[in-house]
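Input: a single structure, listed below in structure tokens.
The values are calculated or read from the model by the stated rules, or taken from the named source; none is laboratory data. As the structure is a prediction and not an experimental result, all values here were calculated from the model. Please note: Cβ atoms are built from the backbone with ideal geometry, for glycine as well, and neighbour counts cover all protein chains shown.
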Amino acid sequence: MPKQRQFIVVGSGGFSKEVVWAVQHYNTARPTYAILGYCDDDPAKNGQVIYGYPVLGSPEEVDAQLSEKPCFICSIGDNSARAKVVERVLSLGWIPVTIIDPSVIVADDVAIGIGTYIGVHSILCPNARIGQYAIVNNFASIGHDAVLGDFTQVSPGGRVLGASMMDEGALLGSNAVVLQMKKLGRYATLGACSFAMTDIPDYATAIGVPARVTFRHRPGMVLESEGRTMLYRLQAIFRDIFDDPTLRISEELSVTNYPDWDSVAMVHLVLATEAEFCVRFTTNEVANIRSVADLLHLLNNARKIPEPSPTFPVLRERALAETEQGEGDSTPTLGTTERRELRA
């Protein structure tokens, strides 16, 4: 029998019990993981036994105790907090895995990102796309051609209908429904038992049937308060510009190795980056942008502007209008990169 891989559950809240339960189910069908316990930053929990396994300490404390890097899955329910902790754990060299309960029904052509959890009796329909470090809880269903971004969460009984979309960090409450071809925006929340019949904007909270927006975060507030990096914020911009919710960027991504990054896309990227970070680039600076690394360097040295920039959709419309004026009816269509299927 192959050696079982050491496994740590990151976070020791109530949901961590369900994660352990799913791993136990998985091991019954295919013995793969040796569960060591939980890691948690709360020192008061050290030594506690939760669902049969101990809390071992913070990620750094646990890492110092181990002779090899463990596998992990993050059970933290808060999407923005989960993103922050995952980034921290990955820096330790831990290995993310995807956990899919054996009772889940998965169509053959579904793509599931690394570090994602799919709970008991959930259904993933044909051509569904689920990002990295997402949570699809028990008895949820993801419709055909639906797209869930990284760090999203579908609560128990949630329904994401066909061809609808949840942007990065979006939260779908228990028994809530997103109507087909509608969008739950970035870090938006649809409350329990609500029905989204229209798109829900980024950072908004909506409740009711039909759902109505009741609260809006200040754009960028969620990411800033959780200490997210510039790279993650740029990644969201790249995904929108290139219409690829599964795109993962790094400093090495450039106009040379990413063919869709043409001059038209550059206009959109610059305008969106200036709006997101409230900065202004000079003409010479823009002319020298050739990679993500160049953008990061500029952001670290950019001139801040005192007033918020126009909203991103307005900037996109402005850029498109300028392009059409310059090129008549021959405006190029931005390409879409092929989405990669990621499985543990």
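Condition check ((1) under 23 Å from Pro102 (Cβ atoms); (2) modelled with pLDDT of 95 or more; (3) touching a Ser or Thr at 6+ places or on another chain (Cβ under 8 Å); (4) part of a helix (DSSP H, G or I)) across all residues:
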| position | (1), (2), (3), (4) |
| --- | --- |
| Met1 | yes, no, no, no |
| Phe7 | yes, yes, no, no |
| Tyr26 | yes, no, yes, yes |
| Tyr38 | yes, yes, yes, no |
| Gly47 | no, no, no, no |
| Ala64 | no, no, no, yes |
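Considering only residues that are touching a Cys at 6+ places or on another chain (Cβ under 8 Å) and not aliphatic (A, V, I, L, M), which ones fall in segment 146-198? Correct list: Gly162, Gly173, Ser174, Asn175. For segment 111-127, a residue qualifies if it is over 18 Å from Glu18 (Cα atoms) and without any contact (Cβ under 8 Å) to a residue 24 or more places away in the chain, and the qualifying residues are Leu124, Pro126, Asn127. One residue stands out among those in segment 113-156 that are over 20 Å from His25 (Cβ atoms) and among the aliphatic types (A, V, I, L, M): the one that is surrounded by the fewest Cβ atoms within 10 Å (Cβ to Cβ), which is Val147. Going through (1) in contact (Cβ under 8 Å) with a residue 24 or more places away in the chain; (2) closer than 26 Å to Leu124 by Cβ; (3) not polar (S, T, N, Q) one by one, Lys69 falls short only on (2).
Which of the helices (runs of 4 or more DSSP H) found entirely inside segment 251-342 contain at least 2 residues meeting this: modelled with pLDDT under 75? Quick ask: steps written out before the conclusion?
Details: elements: 263-277, 283-287, 292-301, 312-327.
Here the list reads 312-327.
Tell me, which residue of segment 49-62 that is assigned to a strand (DSSP E or B) and not hydrophobic (A, V, I, L, M, F, W, C) is surrounded by the fewest Cβ atoms within 10 Å (Cβ to Cβ)? Talk me through it step by step, then tell me what you get.
Of all residues in segment 49-62, those assigned to a strand (DSSP E or B) come to 49-50, 53-55.
With the extra rule that they be not hydrophobic (A, V, I, L, M, F, W, C), the set shrinks to 53-54.
Working: Tyr53: 19, Pro54: 15.
It comes out as Pro54.
Give the residue, chosen from Pro59, Pro96, Pro70, Pro54, that is touching a strand residue (DSSP E or B) at 6+ places or on another chain (Cβ under 8 Å) and closer than 30 Å to Asp145 by Cβ. After ruling out the rest, the residue left standing is Pro96. Of the residues making up segment 81-104, those that are polar (S, T, N, Q) and surrounded by fewer than 18 Cβ atoms within 10 Å (Cβ to Cβ) number 2. When you check Ser194 against the structure, is it without any contact (Cβ under 8 Å) to a residue 60 or more places away in the chain, surrounded by fewer than 20 Cβ atoms within 10 Å (Cβ to Cβ) and among the hydroxyl-bearing types (Ser, Thr, Tyr), yes or no? No. Among residues of segment 252-277 that are over 20 Å from Asn300 (Cα atoms) and without any contact (Cβ under 8 Å) to a residue 40 or more places away in the chain, those with a Cβ under 8 angstrom from a residue that is part of a loop (DSSP other than H, G, I, E, B) and among the charged types (D, E, K, R), sequence gap 6+ or separate chain, pair up as Val255/Asp262; Val255/Arg290; Thr256/Arg290. For segment 166-175, state whether one or more residues are part of a strand (DSSP E or B), modelled with pLDDT of 95 or more and closer than 30 Å to Val270 by Cβ. Within segment 166-175, one or more residues are part of a strand (DSSP E or B), modelled with pLDDT of 95 or more and closer than 30 Å to Val270 by Cβ.
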